[in-house]
Every structure is written in C-alpha cells, then in structure tokens.
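Q: Below you'll find the structure I mean.
The values are calculated or read from the model by the stated rules, or taken from the named source; none is laboratory data. Nothing here was measured: the structure is a model prediction, and the numbers come from that model. When we count neighbours, we look across all protein chains shown, and the Cβ atoms used for this are built from the backbone with ideal geometry, even at glycine. Accessible surface areas use protein heavy atoms only, side chains included; no ligands, DNA or RNA. Shrake-Rupley method; radii C 1.70, N 1.55, O 1.52, S 1.80 Å.
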Amino acid sequence: MREKVTFDNSSTPFMDSLNEKVENYFRENNLIKTGDWRLFSKTVIIIPFHIAFYVLMITLNFNPIFNWISALLLGFSSALIGFNIMHDGSHGGYSGNKFLNLIMAHSMNLLGAEAYFWKTKHNVLHHTYTNIDGMDDDIAKHPLFRFCEQQERKPFHRLQHIYWIILYPFTSIFWVYFTDFQKYFTGEIIKNFKYPKMNFNQHFIFWFTKIAYTYIYFVLPIQMIGVIPTIVCFITMHFVLSIVLIIVFQLAHVVEGPTFASKEEEVIEKEWAIHQVETTANFATDNKIVNWIVGGLNFQVEHHLFPKVSHVHYPALSKFVQETCREFGVPYHNFNTFRSAVVSHVKHLQHLGATA
C-alpha cells in the first residue's frame, strides 16, 4: 500500500481562470490541442536522420573517427526523438488518434527504454506529485545525489556540484540495463508504488525491446566495424543521449527557485495547479533553436499545466500562464538563457551539498 499525498482542490480559482483563457484561445483561433504540421515536420526530419546516423556508424569502417562522429550524432538524434516525438505521444498530445499516440510513445523503445514504465513514472507520479520527495521518481533518493532539502545529506554530497558532470553521462545506460529491469522484477516504479500488472503483450514488448536494442546497437555493429570501435561508439552515443536528456529534465525542476515538499506532509495546502507552477521552471523560452531541439520542454510550466496539449502550442499559452500568475501572485520561474539555467542547477547542487 502506498502513501498518498493530496492537494487542497476544494477551490481552484487559479486553474479555472487559466483554463478559461486557454479554451478561448483555441476556440477563437479554431485550433486543435494536439500536434499539427510543425510537429509532423519534426518527425519526418528526425527519424530519417536518426536512421542515417546509425547506418553511417556501422558502415564507415574505413576510419574510426567517422564512426565516432556518427555515434555522437546518433546520440543527439536519440534525444530529439525523446523530446519531440515520444514525449508528446506518451501524453496523448501528438495526435487526436489514440493508436498513433501509442506508436509515438513507443518510439522510446528505439532508445532501449520501456515506454510502459515511463508512462507510469512520468505521467502519473512526476506530473501529479512534482518535486514531492518520496513520490516523484524524477527526484527519487539516489545514493550519490541530494536533489532537495528533504533528503538526507551525506558528506560526499559536498562535491556533487563537481562530480555530476562525470556521472550524468551514464544515465541512459543505467536506465536501459538496470533501472528498467529493477522495475520489471520488483514491480515497483518507486518504493511503495507498484505499477499496474503487465499483460502478455507488455511482457513481450519489454523483452523484445531489450534483446532487439542490444542486437541492433551492439551485436550488429561488432559484426560490421569490430569490437573496440563498437564499444567506443556505444558509449559515445549513450553519453551524448544522457547528458542532453538529464540536463534538460533537471533544468525543469532541480534549480534555484522551484519549491520541494515531502510525502510526509500528506496534504499540500494549495490547489494542484499552483503547486505545479511553484515547483517548475522554464528556460530559454525566447530561443527558437532551443525550443525546436527540446520539444518545448523549456516551457515546462506550461507543459505541467497542460500535459495533453502538444508542445507546439506552449509559446502561445505562455502569455496566458504568466498573466494568470501575476493576477494571483504566483511566482513564475523562468531563466532567460540555457546557460543561466545550467548555472542555477549547479548552484542548487552546491547549496544542497554544503548545507544540512
């Protein structure tokens, strides 16, 4: 049995006001809330490039440097798939067609991870219990990191603002070959929170994903370009994928400004929507290149308030969110640049490592 944290939603004036503005926007502009040509064009660009980088990685065996560069680009395109295609699909915002959303959500399996686990840990836990220690898997207790004041400080955390750059690059390998298996065999997404029982098809997809991914990205490349080049390329691909993924997701919540809570509080004395705004941060929202690359995840506040709306609409929704935050006196966290957000993340780690 899991502990339950609840919010005081007896009155929701903030979200009611915001919803009215957003609904009027979509209605007056005759827009659908799911993806449009902007999202679909990303798909037809990213997927072919991902395939091309993979083919180049396993065929350019006349010069290891070219294999390595291809692996680097393959890792980056993998992150683009996660940000732009998988993420909208998993929230049902890619298309109005449920089956197409399901297919796009399972593009995560191209990255070796399991979409079934992701939807529970991300859509349910993270989006409901954002920054609540013990409930939000994104800030789950980690033996090497302290992400919020509610977590116990260890002596070595004093250096976490330094060694993060060494450990973050291992995130996706750890995810694919340890975390997913841990969840699979324990039946828990996070301690005391079990995921719904898997049916036969879900079991099959899990094992097929792990076996196929290992063959495609490790065994076949060994046959094509050799053992050492494959190991170098595999590690390079995952290092790039990891550092891009983890940095973008950390900048959304684990920075200066957003608040944290603990499951021990049991009741959060505010409406859910205000909690989402207070625990979340945006970054580089005026940078169109960053916005295109990260799939609108730099508009993280808007995403948490409207997770089923495609990310292509977030820039337009941002003005309504900011306006409503001013009206209700709710802090709206925003870093003007990507660099300033990264610096804030490092400072946050340093602060938590130095103070009890």
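Q: Touching a helix residue (DSSP H, G or I) at 6+ places or on another chain (Cβ under 6 Å) and closer than 30 Å to residue 73 by Cα: is that true of residue 317 in this structure? Can you show your working first?
A: Values: touching a helix residue (DSSP H, G or I) at 6+ places or on another chain (Cβ under 6 Å): yes; closer than 30 Å to residue 73 by Cα: no.
Judged against the criteria, residue 317 is not a match.
Q: Here are 78, 11: which of them is in contact (Cβ under 8 Å) with a residue 60 or more places away in the chain and part of a helix (DSSP H, G or I)?
A: On the way: 11 fails: part of a helix (DSSP H, G or I).
Testing whether each residue is in contact (Cβ under 8 Å) with a residue 60 or more places away in the chain and part of a helix (DSSP H, G or I) leaves just 78.
Q: Give me the pairs: first residue in region 113-137 and under 21 Å from residue 199 (Cα atoms) and hydroxyl-bearing (Ser, Thr, Tyr), second residue part of a helix (DSSP H, G or I) and modelled with pLDDT of 90 or more, beta-carbon distance under 8 Å, and six or more apart or on different chains, which are they?
A: Within 8 Å, the pairs are 116/202; 116/205; 116/206.
Q: Continuing with the same structure: Can you name the residue in region 255-287 that is closer than 20 Å to residue 161 by Cα and out of contact with any Leu (no Cβ under 8 Å at 6 or more places or on another chain) and, of all such residues, is most open to solvent (accessible area, probe 1.4 Å)?
A: Per the criteria, the residue is 256.
Q: Continuing with the same structure: So residue 111 passes all but one of these: (1) crowded, with 21+ Cβ neighbours inside 10 Å; (2) more than 18 Å from the chain's Cα centre (by Cα). Which condition number does it fail?
A: (2)
Q: Hey, another quick one. Within region 16-71, can you find the residues that are more than 15 Å from residue 221 (Cα to Cα) and not in a helix (DSSP H, G or I)?
A: Across region 16-71, the qualifying residues are 29, 30, 31, 32, 33, 34, 35, 36.
Q: Look through region 310-350, keep the residues that are closer than 24 Å to residue 243 by Cβ and assigned to a loop (DSSP other than H, G, I, E, B), and return whichever of them is least open to solvent (accessible area, probe 1.4 Å).
A: We begin by selecting, within region 310-350, every residue closer than 24 Å to residue 243 by Cβ; these are 311, 314, 333-350.
So of that shortlist, the ones also assigned to a loop (DSSP other than H, G, I, E, B) come out as 336-337.
Details: 336: 122, 337: 66 Å².
Looking at the filtered set, the residue picked out is 337.
Q: In addition: Considering every residue within region 201-216, establish whether at least one is under 24 Å from residue 134 (Cβ atoms), without any contact (Cβ under 8 Å) to a residue 24 or more places away in the chain and out of contact with any Gly (no Cβ under 6 Å at 6 or more places or on another chain). Steps first, answer last, please.
A: Restricting attention to region 201-216, the residues satisfying the condition of being under 24 Å from residue 134 (Cβ atoms) are none.
No, because not a single residue in region 201-216 is under 24 Å from residue 134 (Cβ atoms), without any contact (Cβ under 8 Å) to a residue 24 or more places away in the chain and out of contact with any Gly (no Cβ under 6 Å at 6 or more places or on another chain).
Q: Kindly check whether there is at least one residue in region 96-108 that is in contact with a helix residue (DSSP H, G or I) (Cβ under 6 Å, 6 or more places away or on another chain), in contact (Cβ under 8 Å) with a residue 60 or more places away in the chain, more than 21 Å from residue 53 (Cβ to Cβ) and open to solvent by 10 Å² or more (accessible area, probe 1.4 Å).
A: The answer is no; no qualifying residue exists.
Q: Looking only at region 143-155, which residues are open to solvent by 80 Å² or more (accessible area, probe 1.4 Å) and not in a loop (DSSP other than H, G, I, E, B)?
A: Taking region 143-155 as the starting set, the residues that turn out to be open to solvent by 80 Å² or more (accessible area, probe 1.4 Å) are 143, 149, 152, 155.
155 - this is the single residue of region 143-155 that is open to solvent by 80 Å² or more (accessible area, probe 1.4 Å) and not in a loop (DSSP other than H, G, I, E, B).
Q: Need the failing condition index for residue 248 against (1) open to solvent by less than 30 Å² (accessible area, probe 1.4 Å); (2) modelled with pLDDT of 95 or more; (3) of a type in the set (A, V, I, L, M, F, W, C); (4) in contact with a helix residue (DSSP H, G or I) (Cβ under 6 Å, 6 or more places away or on another chain), just the number.
A: Every listed condition holds for residue 248 apart from (4).
Q: Select, from 224, 198, the only residue that is of a type outside the set (Ser, Thr, Tyr) and assigned to a loop (DSSP other than H, G, I, E, B).
A: 198
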